[in-house]
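Below: the structure, in structure tokens.
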Amino acid sequence: MIENANNLLAVLEDGLRALMKLCDERKRCIEELEIIIKSREEEIRHANQTIESLQSKYNYLLTVRRWDADAAEYQDARKQVNRLVREVETCIALLNE
């Protein structure tokens with residue numbers, strides 16, 4: 001009977017050692033995964049900063065482009081007004097003759 005109890009105790013100890021070994025392996029795995037998660041979070045943070053920077057540059061370029069388009073429209077309008085003024089001056093000159 002004592003021998004049977006000793007065998008059960010030995011099996012229990014072996015099972016407990018295996019369980020502790022498995023627990024240690026899982027702890028190491030969790031630590032490795034936490035390191036990977038922190039690394040990924042840093043990469044995501046850096047990517048978000050890059051996205052924000054690029055978005056800001058994009059918005060700036062859109063604004064500059066709008067100003068450039070407005071300037072081109074202004075030049076076109078000015079040319080048209082100058083042409084109309086010349087036509088009016090020509091008409092006035094013809095009337096004065």
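The values are calculated or read from the model by the stated rules, or taken from the named source; none is laboratory data. A quick note: this is a predicted structure, and the numbers were derived from the prediction, not measured. Positions of Cβ are backbone-derived with ideal geometry, glycine not excepted, and every protein chain shown enters the neighbour counts. Just so you know, the surface numbers come from the protein's heavy atoms only, side chains and all, with ligands and any DNA or RNA stripped out. Shrake-Rupley method; radii C 1.70, N 1.55, O 1.52, S 1.80 Å.
With a 1.4 Å probe and all protein chains kept in place, how much accessible area does D14 have, in Å² rounded to the nearest 10? Using a 1.4 Å probe on the heavy atoms, I get roughly 90 Å². Dipole orientation for the chain: of the candidates I92, L12, L33, I92 has the Cα lying most toward the positive pole (charges on Cβ; Lys, Arg +1; Asp, Glu -1). Residues in the range 21-30 carry Karplus couplings, in order, of 5, 4, 4, 5, 4, 5, 4, 4, 4, 5 Hz; the curve used is 6.51 cos²θ - 1.76 cosθ + 1.60 with θ = phi - 60°, and Gly or Pro positions show x.
Overall, the accessible surface of the range 35-97 at a probe of 1.4 angstrom is composed of carbon and sulfur to the extent of 59 percent.
Tell me the net charge near E25. Cut-off is 12 Å between Cβ atoms, E25 excluded, with +1 for each Lys or Arg and -1 for each Asp or Glu.
Surrounding charge for E25 is +1.
Look at where the Cα atoms of the range 4-58 and of the range 83-97 average out, and the two centres are 87 Å apart.
In loop segments of the range 9-97 as defined by DSSP, there are no chymotrypsin sites (Phe, Trp or Tyr not before Pro) with at most 14 further C-beta atoms inside 10 Å of their C-beta.
So how strong a dipole does the chain carry about its Cα centre when Lys and Arg Cβ are +1 and Asp and Glu Cβ are -1, to the nearest 20 debye?
My answer is approximately 300 debye.
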